[in-house]
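Inspection log for the structure reproduced underneath, given as structure tokens.
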Amino acid sequence: MGNAVKYSPGADRIDVTLWEEEEWLCLDVRDYGIGIAEQEKDMLFNKFYRVDNSDHRQIGGTGIGLYISRKIVEDHKGTLTFISAPDKGSTFKVRLPKQDVLV
């Protein structure tokens, strides 16, 4: 959610949607920001990778947040994916398997 706000300069909202499917808990975070260029998508979850935002205001960060987020989700047997288009925003999708027993 922090990235959704950070990469949406001038946007007045982000959308957070949470729901259940039969075996999954689902969370989507959609922003209306700068989006991600096609050539950047394969690198996005790499450690220390930063999207080129030189044509926008300086957006700080280390490039580690998405890497850590995906690692945590995958360690819980889930997935973290996204869809995005330049100047149209991004939607990040977390899917976590439901647990029968809380540990």
* To do: Please specify each residue of the stretch 75-98 satisfying the condition of being surrounded by fewer than 16 Cβ atoms within 10 Å (Cβ to Cβ) and in a loop (DSSP other than H, G, I, E, B).
  => 76, 77, 86, 87, 88, 98
* Restricting to the stretch 24-45, what's the tally of residues that are part of a strand (DSSP E or B) and open to solvent by 60 Å² or more (accessible area, probe 1.4 Å)? -> 3
* To do: Residue by residue through the stretch 6-23, note down the ones that are exposed (fewer than 15 other Cβ atoms within 10 Å of the Cβ) and either under 11 Å from the mean Cα position of the chain (by Cα) or within 24 Å of residue 97 (Cβ to Cβ) (or both).
  => 15, 16, 17, 18, 19, 20, 21, 22, 23
* To do: Please tell me if residue 93 is more than 17 Å from residue 11 (Cβ to Cβ) and either charged (D, E, K, R) or modelled with pLDDT of 90 or more (or both).
  => yes
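The values are calculated or read from the model by the stated rules, or taken from the named source; none is laboratory data. Note that the structure is a prediction, hence the values are computed from the model and not measured. Reconstructed Cβ throughout: ideal geometry from the backbone, glycine too, with neighbour counts over all protein chains shown. With ligands, DNA and RNA removed, areas are computed over all heavy atoms of the protein, side chains included. Shrake-Rupley method; radii C 1.70, N 1.55, O 1.52, S 1.80 Å.
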